[in-house]
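Written below as structure tokens is the structure these notes are about.
The values are calculated or read from the model by the stated rules, or taken from the named source; none is laboratory data. Keep in mind it's a predicted model, so treat the numbers as computed, not measured. Don't worry about glycine lacking a Cβ; one is built from the backbone with ideal geometry, like all the others, and counts go over all protein chains shown. Heads up: the accessible areas ignore ligands, DNA and RNA and are worked out on the full protein's heavy atoms, side chains in. Shrake-Rupley method; radii C 1.70, N 1.55, O 1.52, S 1.80 Å.
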Amino acid sequence: PRSTLFPYTTLFRSLMQDLPIGVDPDGADAWSWQDIFAKEMAVGAPPDEFNTQGQNWGLPPFDPHKLRAAGYEPFIQTIRAAFRNSGGLRIDHVMGLFRLFWIPNGVSARHGAYVRYNADEMLAIVALESERAGAYVVGEDLGTVEKDVREKLARHRVLSYRLLWFEKSDPSTYPEAALASISTHDLPTVKGLWNGSDLEKQKALNLSPNDESTEEICDRLATVAGLNTETPIEEVIVKAYTVLARAPSCILTATLEDAAAVEDRPNMPATTCDQNPNWSMALPVSIEDLMSAELPGRIAAVLKRTS
């Protein structure tokens, strides 16, 4: 089935849920479906431009053969539950519908390997459930993306995910069928990138960051946004979002971290909570104060569309 997902002119006012790439190995899902998981494995990502050591997320993958033999019931139940109270669904690491990077327990991410899944069948399930829910789908197609993956997602009307930090082309060239943003929870905030604090933190954590890549992004941002070393940080943030606003993509997003001019990203991949306070750093201002602050209003103004 082909999901209608959304008309491009629709205003997205509903909450978009997030579907993570896996489940807690000690949680209820892993227990209920223990015969379908590959329990001696964890999913992750190979070394890439931003994470030179690779990533191990510590989550057990479904065995693709056992999952298919079960009629995809665990996957169907998960997708259906995620759609229940939302107008949209973001599928984390959507390439996992095609292949997943498996890492045997006890070894580093450098020693993992890709395992294939039946993408046509899994995308058909996503399309069917989204049609039933009357909801749209965003696929986080970031990182190591195989050739033709984005084309197949587009044929199923799954929105792409385009980031200013990743894309070399001007946002005006981004597809309409996409969610466009500057960064994600796993990547630097505008302030952290621009003032170099994010890079220094990676070095302090011995993450072997890619200095060249970071410099290239800063140079590209400076060029497209008309920035220099004297530009105040709030102006840097607003101008970055002004550049993003050129995108014709049907969804544009801003982060609370940028709205509050925060240096630290919410999560530093390849670290644990004893190394870095991932997912537990409070914003420096309350949501109530943020609602009336000047910077969020300026960001909203440049992203606002009149049609």
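Every test in (1) in contact (Cβ under 8 Å) with a residue 40 or more places away in the chain; (2) open to solvent by 60 Å² or more (accessible area, probe 1.4 Å); (3) farther than 19 Å from A45 by Cα is passed by R116 save one, and that test is (3). Residue count for region 204-237 satisfying the condition of being farther than 30 Å from S108 by Cβ, crowded, with 19+ Cβ neighbours inside 10 Å and either touching a strand residue (DSSP E or B) at 6+ places or on another chain (Cβ under 9 Å) or of a type in the set (V, I, T) (or both): 2. Residue pairs whose Cβ atoms lie under 7 Å apart, separated by 6 or more positions or on different chains, with the first residue in region 120-131 and in contact (Cβ under 8 Å) with a residue 60 or more places away in the chain and at negative phi and the second of a type in the set (S, T, N, Q) and surrounded by fewer than 16 Cβ atoms within 10 Å (Cβ to Cβ), are E131/T4. Annotation note: of A177, A109, A135, the sole residue that is modelled with pLDDT of 95 or more, of a type in the set (G, A, S) and either farther than 26 Å from L244 by Cβ or open to solvent by less than 60 Å² (accessible area, probe 1.4 Å) (or both) is A177. When the residues of region 262-277 are filtered to those that are crowded, with 19+ Cβ neighbours inside 10 Å and of a type in the set (A, V, I, L, M, F, W, C), the one that is farthest from M16 (Cα to Cα) is A270. When region 138-174 is filtered for residues that are farther than 19 Å from P46 by Cβ, open to solvent by 40 Å² or more (accessible area, probe 1.4 Å) and among the hydroxyl-bearing types (S, T, Y), the ones remaining, listed by number, are S169, S172, T173. Can you find a residue that is outside any helix (DSSP H, G or I), small (G, A, S) and either within 25 Å of Q55 (Cβ to Cβ) or within 18 Å of the chain's Cα centre (by Cα) (or both) anywhere in region 221-242? The answer is no; no qualifying residue exists. If you take the residues of region 41-94 that are open to solvent by 30 Å² or more (accessible area, probe 1.4 Å), under 19 Å from the mean Cα position of the chain (by Cα) and among the aromatic types (F, W, Y), which of them is modelled with the lowest pLDDT? This residue is F50. Pairing each residue of region 137-149 that is acidic (D, E) with any residue that is outside any strand (DSSP E or B) and open to solvent by 50 Å² or more (accessible area, probe 1.4 Å), provided the two are 6+ apart or on different chains, yields C-beta distances under 9 Å for D141/R150. Note down all Cβ pairs under 8 Å where the first residue falls in region 236-254 and is more than 19 Å from D219 (Cα to Cα) and touching a residue at least 12 places away in the same chain (Cβ under 8 Å), the second is open to solvent by less than 20 Å² (accessible area, probe 1.4 Å) and in a loop (DSSP other than H, G, I, E, B), and they're at least six residues apart or on different chains. Here the result reads A247/Y174; P248/Y174; S249/Y174; C250/F6; A254/I182, each pair linking region 236-254 to a residue that is open to solvent by less than 20 Å² (accessible area, probe 1.4 Å) and in a loop (DSSP other than H, G, I, E, B). Beta carbons closer than 6 Å, at least 6 apart along the sequence or on distinct chains, pair a first residue in region 38-51 that is in contact (Cβ under 8 Å) with a residue 12 or more places away in the chain with a second that is open to solvent by less than 30 Å² (accessible area, probe 1.4 Å) and part of a strand (DSSP E or B) for A42/I103; V43/L100; G44/Q55; G44/F101; G44/I103; A45/Q55; A45/F101; P46/F101. Tell me, please, whether a residue that is touching a Ser or Thr at 6+ places or on another chain (Cβ under 6 Å) and open to solvent by less than 20 Å² (accessible area, probe 1.4 Å) can be found in region 180-200. Yes, region 180-200 has at least one match. Among residues of region 59-79 that are under 20 Å from M41 (Cα atoms), those with a Cβ under 7 angstrom from a residue that is of a type in the set (S, T, Y) and not in a helix (DSSP H, G or I), sequence gap 6+ or separate chain, pair up as P64/Y117.
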